[in-house]
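A quick write-up on the structure given underneath.
What follows is calculated from the coordinates using simple rules that are stated; it is not laboratory data. Note that the coordinates shown come from a computational prediction; the quantities given were computed from them, not determined experimentally. Here Cβ is always computed from backbone atoms with ideal geometry, including for glycine, and neighbour counts include all displayed protein chains.
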Amino acid sequence: MPPTGLIAVNSEDCERCNEDYEEEYEFHASVCVWTRYSDGTVKLRNSNIELMDQDILYHLALGSESHDLHEMFGDVKFVCMGGTPKRMENFAHFIMGEIGYKLPAGTKLEDISAYSYRYSMYKVGPVLCVSHGMGTPSVSILLHELIKLMYHAKCQDPIFIRIGTCGGVGVEGGTVIITEEALDSHMRNAHEFTILGKTVLRPAKLDKKLARELKALASEDDPYDTIIGKTLCTNDFYEGQGRLDGAFCEFTETDKMEYLEMLSSKGVVNIEMESTIFAALTYHAGIKAAVVCVALLNRLNGDQVNAPKEVMHEWQNRPQTLISRYICKTLAQKGQLKSLSRGSIKSPRRFKLVQQESQAHE
């Protein structure tokens, strides 16, 4: 059991604190002490936000006073993120069919953040589908604003899931990979930040119970493997991942293969460019999170992605299928969905200003 007084809310009220408690103790402590109110809504680790007249989420083209964020997003339970706008638009349409969500008559699925020109965001009932771009800086910007959005919307215990692509290490193309640990280029289960000129390391931890739940939803009928393993996150697609086909390369193929074999020996099964920042910020926010990717190639066999387009498209649908199974299972246990209301603009004047502010930050 935790030391007396460490848990700030009644642990009996916290669903996660009653399951696998010892294994997930650090996560539970973080959630209960720092990042949750007693009703499960998100608490920010930044007191400055409460003192602001309006919090403008300008990369999302939203604002805490221009929009009724609680009305728009208060029912969100799942935040699904992927690299490209088109992929997340496709996922939004896919999950709509999977959960049986119906749009109001005469309406269509809209990009909520269209005025930002940076990210795309679609809401399908309790599921928020958002593009995060490529690489850690883009993901970091988006996560800061999404976490604040969860706070302003008073979302209760949201789950964040990254759906992506990656290069496999000893894993063939088409394999679905659930991240167990996110490692940086120095093999640390952490993400390195530079804040006010100082280096800060934050743990890059994902929810292991969630990873196991996802793995359990893989079907024997799936014509591909679904595995759990360690993920290496790099800041570069070419040299940082040991590719020989970049504009620069100052190492040999032997060097590359020795490096990849070393990664494999330490349990790394894939390489991508977002997992450590995603894990570090969601963990710091006390948000339950998972990363599910599909391998586009086996890096032990080459560097270039050359599978046919139709094959790539089918592969990229595989993580979406697994996530949809999890969402459907969870929603089946928790009840009805709620349609998005159109009466979500509190102040037309502030709404216009937020759009203009977002467009000005290029």
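Consider Tyr151 carefully, then state whether it is touching a strand residue (DSSP E or B) at 6+ places or on another chain (Cβ under 8 Å), more than 21 Å from Thr330 (Cα to Cα) and either part of a helix (DSSP H, G or I) or without any contact (Cβ under 8 Å) to a residue 40 or more places away in the chain (or both).
Working: touching a strand residue (DSSP E or B) at 6+ places or on another chain (Cβ under 8 Å): yes; more than 21 Å from Thr330 (Cα to Cα): yes; either part of a helix (DSSP H, G or I) or without any contact (Cβ under 8 Å) to a residue 40 or more places away in the chain (or both): yes.
Yes: the conditions hold for Tyr151.
Quick check on my filter: what residues within region 180-222 are of a type in the set (A, V, I, L, M), over 17 Å from the mean Cα position of the chain (by Cα) and part of a loop (DSSP other than H, G, I, E, B)? It would help to see each step written out before you state the result.
At the first step, the residues of region 180-222 found to be of a type in the set (A, V, I, L, M) are 182-183, 187, 190, 195-196, 200-201, 204, 206, 210-211, 214, 216-218.
So of that shortlist, the ones also over 17 Å from the mean Cα position of the chain (by Cα) come out as 187, 195-196, 200-201, 216-218.
Hits for region 180-222 are Met187, Leu196, Leu217, Ala218.
For region 56-74, the tally of residues that are surrounded by fewer than 21 Cβ atoms within 10 Å (Cβ to Cβ) and either under 16 Å from the mean Cα position of the chain (by Cα) or over 29 Å from Met273 (Cα atoms) (or both) stands at 5.
I need a count of the residues in region 105-125 that are assigned to a helix (DSSP H, G or I) and touching a residue at least 60 places away in the same chain (Cβ under 8 Å). Walk me through how you get there before you give the answer.
Initial filter on region 105-125 (assigned to a helix (DSSP H, G or I)): 114-116.
After this cut, where a residue has to be touching a residue at least 60 places away in the same chain (Cβ under 8 Å) as well, the list is 115-116.
Adding up the residues that qualify gives 2.
If you filter region 105-123 down to residues that are of a type in the set (Ser, Thr, Tyr) and more than 18 Å from Gly74 (Cα to Cα), you find that the one that is surrounded by the fewest Cβ atoms within 10 Å (Cβ to Cβ) is Thr107. Restricting the first member to region 74-90 and to residues that are in contact (Cβ under 8 Å) with a residue 40 or more places away in the chain, and the second to residues that are in a helix (DSSP H, G or I) and of a type in the set (Asp, Glu), no beta-carbon pair is closer than 8 Å while six or more apart or on different chains.
For Arg162, state whether it is closer than 19 Å to Ala211 by Cβ and of a type in the set (Lys, Arg). Write out each step before concluding.
Working: closer than 19 Å to Ala211 by Cβ: yes; of a type in the set (Lys, Arg): yes.
When the stated conditions are applied, Arg162 passes them.
Could you list, in sequence order, the residues of region 301-331 that are basic (Lys, Arg) and either in contact with a strand residue (DSSP E or B) (Cβ under 8 Å, 6 or more places away or on another chain) or under 15 Å from Ile178 (Cβ atoms) (or both)?
Let us first name the residues in region 301-331 that are basic (Lys, Arg), namely 309, 318, 325, 329.
Across region 301-331, the qualifying residues are Arg318, Arg325.
Residues that are among the aromatic types (Phe, Trp, Tyr) and closer than 20 Å to Ser264 by Cα: does region 234-241 have at least one? Within region 234-241, one or more residues are among the aromatic types (Phe, Trp, Tyr) and closer than 20 Å to Ser264 by Cα. Summed over region 145-203, residues that are within 30 Å of Ser64 (Cβ to Cβ), surrounded by 19 or more Cβ atoms within 10 Å (Cβ to Cβ) and not aliphatic (A, V, I, L, M) total 10.
Quick one: would you say Leu128 is part of a strand (DSSP E or B), of a type in the set (A, V, I, L, M) and either within 12 Å of the chain's Cα centre (by Cα) or under 25 Å from Arg202 (Cβ atoms) (or both)?
On the way: part of a strand (DSSP E or B): yes; of a type in the set (A, V, I, L, M): yes; either within 12 Å of the chain's Cα centre (by Cα) or under 25 Å from Arg202 (Cβ atoms) (or both): yes.
So Leu128 fits the description; yes.
The single condition from (1) out of contact with any strand residue (DSSP E or B) (no Cβ under 9 Å at 6 or more places or on another chain); (2) crowded, with 23+ Cβ neighbours inside 10 Å that Lys102 fails is (2). Taken together, Ile141, Ile177 contain a single residue that is assigned to a helix (DSSP H, G or I) and under 16 Å from the mean Cα position of the chain (by Cα), which is Ile141.
Could you tell me which of the residues Leu260, Leu232, Leu244 is closer than 14 Å to Met273 by Cα, of a type in the set (A, V, I, L, M, F, W, C) and surrounded by 15 or more Cβ atoms within 10 Å (Cβ to Cβ)? Spell out the reasoning first.
Working: Leu260 fails: closer than 14 Å to Met273 by Cα; Leu244 fails: closer than 14 Å to Met273 by Cα.
One residue alone meets the criteria, Leu232.
Have a look at Ala182, Ala204 and point out the one that is in contact with a helix residue (DSSP H, G or I) (Cβ under 9 Å, 6 or more places away or on another chain) and either among the hydroxyl-bearing types (Ser, Thr, Tyr) or under 20 Å from Tyr326 (Cβ atoms) (or both). Spell out how you get there, then give the answer.
Working: Ala204 fails: either among the hydroxyl-bearing types (Ser, Thr, Tyr) or under 20 Å from Tyr326 (Cβ atoms) (or both).
Within the list Ala182, Ala204, the selection yields Ala182.
All told, Glu274 meets the bar of being under 20 Å from Val292 (Cβ atoms) and either loosely packed, with under 14 Cβ neighbours inside 10 Å or in contact with a helix residue (DSSP H, G or I) (Cβ under 7 Å, 6 or more places away or on another chain) (or both).
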